[in-house]
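Before any comments, here is the structure.
The values are calculated or read from the model by the stated rules, or taken from the named source; none is laboratory data. None of these values were measured; they are calculated from a predicted model. All Cβ positions, glycine included, derive from the backbone under ideal geometry; neighbour counts span all protein chains shown. Note: accessible area is taken over every heavy atom of the protein model, side chains too, but ligands, DNA and RNA are not part of it. Shrake-Rupley method; radii C 1.70, N 1.55, O 1.52, S 1.80 Å.
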Amino acid sequence: MPSATVNATRMELTRLKGRLKTAVRGHKLLKDKRDELMKQFLEVIQENRALRRRVEEGLTRAHSSFTVASALMSPEALEQALLYPKQSVELEMTFRNIMSVNVPVYDFQTRSSQSGDIYPYGFATTSCEVDGAVEALSSVFQDMLKLAQVEKASQLLAEEIEKTRRRVNALEYVMIPRMQESIKYISMKLEENERNNIIRLMKVKDMLLAEAIEEKRQESQQAIHQSAP
């Protein structure tokens, strides 16, 4: 139902037709964006599942090794061995644009590239299970960082998909039908006004014609009276 405040003028009709054309074009672009976002989102979800599986497997191995090590070593000795880390990590975050969505990209660099620097203790006083646990945690760290990146990307993409879906629905089910109804209403009003104008012109023409006939009739009667003896 068109709004009661719609001005039934040709200028308003032209303006609404322009807005409708823009809305239809925007609706198509938003639908294309939504579909591409869904495609990217599904790819991210698949990557997320694979990474989560690897991370869970790595953490399970590390936990098992720590469990065995805690059974072979005293809690004080295990805590002392891991108290002061030898290796440090620098984390850098940049952004990657996916369909106007800025998703984070994490990158890390270790202070030293030597593989032995992940062990902050001497090998003579610790169990080999501790070595396996630390190595498992070190190998799974990059996957954990990648998993955090992918999960954040999936969250941002899901939010953008929802916003785009709401915009598409608002255009498709509210704005475009409302403008179409307004255009139809204005067109009908203009046609009705035009018919009314034509009817008025025809009535005016009939009135003028009747007056002309009446004048001719009066002139004829005057002529007859004047020619009579």
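Please work out the FRET efficiency for the pair THR110 and LEU42, using the Cβ-Cβ distance as r and a Förster radius of 30 Å; give the result to the nearest 0.05. So the FRET efficiency works out to roughly 0.35. Surface analysis of the stretch 8-53 yields an accessible area of 71 Å² per residue, using protein heavy atoms and a 1.4 Å probe. Among residues other than VAL168 with Cβ under 14 Å from its Cβ, the summed charge is +3 (Lys and Arg +1, Asp and Glu -1).
Net length available on complete extension from SER139 to LEU59 is 27.8 nm, with 0.36 nm assigned per residue and the Cα-Cα distance removed.
With the whole protein complex present, GLU219 retains an accessible surface near 100 Å², based on a 1.4 Å probe. Neighbours of GLY132, meaning other residues whose beta-carbon lies under 15 angstrom from its beta-carbon, give a summed charge of -3 when Lys and Arg score +1 and Asp and Glu score -1.
Neighbours of ILE224 by Cβ distance under 14 Å: Lys/Arg scored +1, Asp/Glu scored -1, total +1. Solvent exposure of the stretch 144-227, expressed per residue, is 74 Å² of accessible area, with all protein chains present and a 1.4 angstrom probe.
When the pairs LYS184/LYS205; LYS39/LYS163; LYS28/LYS184 are compared against a 27 Å limit on Cα-Cα distance, LYS184/LYS205 fall above it. Straightening the chain between MET202 and ALA158 buys 9.4 nm, computed as 0.36 nm per residue apart minus the Cα-Cα spacing. Quick one: with all protein chains in place, what share of the accessible area of the stretch 125-174 is carbon or sulfur, to the nearest percent (1.4 Å probe)? Within the stretch 125-174, the accessible surface is 52 percent carbon and sulfur. Amide H contacts for VAL105 (H built 1.01 Å from N in the peptide plane; partners 5 or more residues away or on another chain; cut-off under 5 Å): THR94, PHE95, ARG96. Each peptide in 207-218, 94-105 gets a packing score, the mean of other Cβ atoms within 10 Å over its residues, and the list from highest to lowest is 94-105, 207-218.
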